[in-house]
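Below you'll find the structure, written out as structure tokens, and then a few comments.
The values are calculated or read from the model by the stated rules, or taken from the named source; none is laboratory data. The structure displayed is predicted, hence computed values, not measured ones. Every residue, glycine as well, gets a Cβ built from its backbone with ideal geometry; the counts of neighbours run over all protein chains shown.
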């Protein structure tokens, strides 16, 4: 009886292993509009050209205008990096984004996401089993932040990261390198090991090599707490103060057409002018 049971288990494990190995990531699928294009970077010193920067106009989750831009950045004018957390499933789970600010007042946001096919929805469980490709989206804040705060009704917070100016370029180029890797070779998103928060952690380790692992890399809704404990957020404020002043939804919804969305959502946020 025990031998029979063990045989069944071994057969099942073997079948699962075979299925697992047969799953191959691809760039060739019927992608949803908002992840249809891969970021294509070109880097020459401090001059960076990014093709396929997303700049959609979102009216609702399903009503939008498709826009993909080519943008040029001078990394010598990088001034800041901000952590954005968007809560979509209770207090423990948030989507994690990082937004870079430049001297001309523009911002560019990076976000590791699943590359959804048309009609596909996200499932954390499916994310364990090679069911989604990963994509690194670079987008205008008026697209990627506004759609979460306004169209989707998520709770969105923004925090100024305490990063020395000379290290901002290192972080920005780390995102560019990750995008280049994904463009050259498709890879799977993984809920545990390759998600929107672990990519931030992996890139941050390039400037803080001894950054500790922590459960809040998975319970991403508490990632701001982790960042605050590690000295990664602007100094001189408690986390409660930073959360209260960094909650952007009322300002995002009040932003008028023609206003600088990035400037509006940062009003009163510690460390931002």
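Annotation: residue 186 fulfils all but one of (1) assigned to a loop (DSSP other than H, G, I, E, B); (2) farther than 19 Å from residue 231 by Cα; (3) in contact with a helix residue (DSSP H, G or I) (Cβ under 9 Å, 6 or more places away or on another chain); the unmet one is (3).
Filter the stretch 73-88 for residues that are within 21 Å of residue 195 (Cα to Cα) and surrounded by fewer than 19 Cβ atoms within 10 Å (Cβ to Cβ) and give the result. Walk me through it before giving the result.
Going through the stretch 73-88, the residues within 21 Å of residue 195 (Cα to Cα) turn out to be 81-88.
Within the stretch 73-88, 87, 88 qualify.
Restricting the stretch 29-45 to residues that are within 18 Å of the chain's Cα centre (by Cα) and assigned to a loop (DSSP other than H, G, I, E, B), which is farthest from residue 106 (Cα to Cα)? Per the stated criteria, the residue is 32. When the stretch 177-196 is limited to residues that are within 13 Å of the chain's Cα centre (by Cα) and under 14 Å from residue 39 (Cα atoms), the one that is surrounded by the most Cβ atoms within 10 Å (Cβ to Cβ) turns out to be 179.
What residue, of 96, 70, is under 20 Å from the mean Cα position of the chain (by Cα), assigned to a strand (DSSP E or B), exposed (fewer than 14 other Cβ atoms within 10 Å of the Cβ) and at pLDDT 95 or above?
Working: 96 fails: exposed (fewer than 14 other Cβ atoms within 10 Å of the Cβ).
Sole residue among the options that is under 20 Å from the mean Cα position of the chain (by Cα), assigned to a strand (DSSP E or B), exposed (fewer than 14 other Cβ atoms within 10 Å of the Cβ) and at pLDDT 95 or above: 70.
Considering only the stretch 46-67, state which residues are assigned to a loop (DSSP other than H, G, I, E, B) and either within 24 Å of residue 33 (Cβ to Cβ) or without any contact (Cβ under 8 Å) to a residue 12 or more places away in the chain (or both). So that I can check it myself, show each step before the final result.
To start, the set of residues in the stretch 46-67 that are assigned to a loop (DSSP other than H, G, I, E, B) comprises 46, 55-56, 59-63, 66-67.
Those that are assigned to a loop (DSSP other than H, G, I, E, B) and either within 24 Å of residue 33 (Cβ to Cβ) or without any contact (Cβ under 8 Å) to a residue 12 or more places away in the chain (or both): 55, 56, 59, 60, 61, 62, 63, 66, 67.
When you check residue 120 against the structure, is it touching a helix residue (DSSP H, G or I) at 6+ places or on another chain (Cβ under 6 Å) and at pLDDT below 95, yes or no? Here the answer is no, as residue 120 does not meet what is asked.
In the stretch 231-250, the residue that is farthest from residue 212 (Cα to Cα) out of those that are more than 19 Å from the chain's Cα centre (by Cα) and buried (at least 17 other Cβ atoms within 10 Å of the Cβ) is 245. What residue, among those in the stretch 118-146 that are assigned to a helix (DSSP H, G or I) and closer than 13 Å to residue 84 by Cα, is nearest to the chain's Cα centre (by Cα)? Step by step, filter the stretch 118-146, then rank; the result is 144. Test residue 91 against the criterion of being out of contact with any strand residue (DSSP E or B) (no Cβ under 7 Å at 6 or more places or on another chain), surrounded by fewer than 17 Cβ atoms within 10 Å (Cβ to Cβ) and within 22 Å of residue 192 (Cα to Cα), and give yes or no. The answer is yes for residue 91.
Taking the condition assigned to a helix (DSSP H, G or I) and surrounded by 15 or more Cβ atoms within 10 Å (Cβ to Cβ), does residue 109 pass? Step through it out loud before you land on a result.
On the way: assigned to a helix (DSSP H, G or I): no; surrounded by 15 or more Cβ atoms within 10 Å (Cβ to Cβ): yes.
Here the answer is no, as residue 109 does not meet what is asked.
Name the residue, out of 217, 233, that is touching a helix residue (DSSP H, G or I) at 6+ places or on another chain (Cβ under 6 Å), modelled with pLDDT under 95 and over 20 Å from residue 139 (Cβ atoms). Show your work before the answer.
Values: 233 fails: modelled with pLDDT under 95.
Sole residue among the options that is touching a helix residue (DSSP H, G or I) at 6+ places or on another chain (Cβ under 6 Å), modelled with pLDDT under 95 and over 20 Å from residue 139 (Cβ atoms): 217.
Considering (1) more than 20 Å from residue 224 (Cβ to Cβ); (2) in a helix (DSSP H, G or I), the lone condition that residue 171 does not fulfil carries the number (1). Among the candidates 264, 199, the residue that is crowded, with 19+ Cβ neighbours inside 10 Å and either modelled with pLDDT of 95 or more or part of a helix (DSSP H, G or I) (or both) is uniquely 199. With respect to (1) buried (at least 20 other Cβ atoms within 10 Å of the Cβ); (2) in contact with a strand residue (DSSP E or B) (Cβ under 7 Å, 6 or more places away or on another chain); (3) over 21 Å from residue 90 (Cα atoms), the lone exception for residue 204 is condition (2).
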